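Everything on this sheet refers to the single structure shown next.
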Amino acid sequence: MQIDATSELTIVIPAYNEAKRLPRTLEALRAMSSEHRIDVIVVDDGSTDGTAEAIHDTMVAADGVVIRLEHNVGKGAAVRLGVAHATGRNILVMDADLATDLSCLDRLLDELERVDVAIGSRAVAGSRVIESQRIRRIMGRSFNRLARLLLDLEVADSQCGFKMFRADAAHLLFDLSRVDGFAFDAEILHIASILGLSVREVPVTWTAIPESKVRPVRDSLRTLKELLSIRRDTTPADVWRRARDRGWSTP
């Protein structure tokens, strides 16, 4: 895993207090380096558990990059920073807990031969969900229904933490994004829809991981507020104006 502008794939991982789980994830990614030319960027989002120190040796051995933030700024903000530093031809944004099986990575890469954005989905034919807790299932379905309703999204699962982009699409979408919290996925897909970018859902194998960072009541209220702000502020006119300012034209 080397930072190289000619790499096939840059993997961006936002991490907040992931000292226990992230080393295993990085070792699994390192094992894939014989099959794919990849590089990894971990954005330590103000962790207080020594996350950066826990992954130091692995990242040094792999020539990976750790971006450390002094304070917790939110998952969306951390991902946006990581994507801004990505140099691969394609960019994968994935969660630190390795909930999505890495065997699904090739499926997304294959889809990027035909589309701009390929997203892992737990809600399409061929997907497999293992040991999901009832509260998480309810939260996930409720959020996706709200996202589809408020933002007119045409995807069944906007929140699976395994999304891959062509590099030019990723840099534009995240440069245009504003949401710092969990609803950044929905915002990115909303912007992609406005710009006419092609998005394909890809079935994945997803396993519920213990010690979830999600706080049901507090995070549900916060993401609802973010969805409402996206609906209010992310209008087609505004998106296209800002995209054209960055040199983007109709595909």
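Run the numbers on the chain and let me know its relative contact order in percent, using alpha-carbon pairs under 8 Å that are six or more apart. Don't jump to the answer; show the numbers that get you there.
Numbers: 463 pairs, mean separation 55.5, N = 251.
Contact order relative to length: 22 percent.
R232: net charge of surrounding residues, Cβ under 15 Å, Lys/Arg +1, Asp/Glu -1, itself excluded? It would help to have the intermediate numbers written out before the result.
Working: positive: R178, K225, R231; negative: D152, E187, E226, D233, D238.
Overall, the nearby charge balance is -2.
Place a +1 charge on the Cβ of each Lys and Arg in the chain and a -1 charge on the Cβ of each Asp and Glu, then give the dipole magnitude about the Cα centre in debye, rounded to the nearest 20.
Details: 34 positive and 37 negative charges, 215 e Å.
Around 1040 debye, computed over the chain.
For the chain, what class follows from the C-alpha gyration tensor (a ≥ b ≥ c being the square roots of its eigenvalues): rounded when a/c is under 1.5, otherwise prolate if a/b is larger than b/c, else oblate?
Judged from the Cα gyration tensor, the chain comes out rounded (a/c under 1.5).
Within the chain, which DSSP H helices have Cα atoms that stretch 30 Å or more along the helix axis and a mean Kyte-Doolittle hydropathy of at least 0.5?
Values: long enough: none.
Taking the DSSP H segments of the chain (at least 30 Å long, mean hydropathy at least 0.5), we get none.
Just flag the GluC sites (Glu not before Pro) in region 52-160 sitting in loop per DSSP whose Cβ has no more than 12 other Cβ atoms within 10 Å. Can you show the working numbers first?
Values: sites: E53, E70, E111, E113, E131, E154; in loops: E70, E113, E131, E154.
Sites meeting the loop and neighbour criteria: E70, E113, E131, E154.
With a Förster radius of 45 Å, plug the Cβ-Cβ distance of R178 and R114 into 1/(1 + (r/R0)^6) and report the FRET value to the nearest 0.05.
0.95
Relative to the present Cα-Cα distance, how much length would full extension add between H71 and A28 at 0.36 nm per residue of separation?
Details: separation 43, 0.36 × 43 = 15.48 nm, distance 2.78 nm.
That pair, H71 and A28, stretches by 12.7 nm at full extension.
Where is the GNM fluctuation largest for the chain (alpha-carbon springs, 10 angstrom cutoff): A96, A61, A186?
Among A96, A61, A186, the largest GNM mean-square fluctuation belongs to A61.
Placing unit charges on C-beta atoms (Lys and Arg positive, Asp and Glu negative, everything else neutral), compute the dipole magnitude of region 1-97 about its Cα centre in debye, rounded to 20.
Values: 9 positive and 15 negative charges, 42 e Å.
Once rounded to the nearest 20, the dipole reads 200 debye.
Can you tell me which of V66, V12, V79 moves the most in a GNM of the chain? Springs connect C-alpha atoms under 10 Å apart.
V66
Tell me the net charge near A19. Cut-off is 9 Å between Cβ atoms, A19 excluded, with +1 for each Lys or Arg and -1 for each Asp or Glu. Each step should come with its number before you reach the end.
Working: positive: K20, R21; negative: E18, D49, E53.
With Lys, Arg at +1 and Asp, Glu at -1, the neighbours total -1.
Just give me a number: lysine pairs in the chain, eight or more positions apart or cross-chain, with C-alpha atoms less than 18 Å apart. Walk me through the numbers before you get to the answer.
On the way: K20/K213; K75/K163; K75/K213; K75/K225.
Counting lysine pairs in the chain gives 4.
So what is the 222 nm mean residue ellipticity for the chain from helices alone, if each DSSP H run of at least 4 adds -39500 (n - 2.57) and you divide by all residues, rounding to the nearest 500 deg cm²/dmol? Working shown, then result.
Details: 10 runs with 105 residues, N = 251.
Mean residue ellipticity at 222 nm (helix-derived): -12500 deg cm²/dmol.
What residues qualify as long-range amide H neighbours of S121, i.e. H under 5 Å apart, gap of 5 or more or another chain, H built at 1.01 Å from N?
Counting only residues 5 or more places away or on other chains, the set is V202, V204.
Bear in mind these aren't lab numbers, they're just calculated from the coordinates by the rules spelled out. As the structure is a computational prediction, the values presented were derived from the model and not from experiment. Every residue, glycine among them, receives a Cβ derived from its backbone with ideal geometry; neighbour counts consider all protein chains shown.
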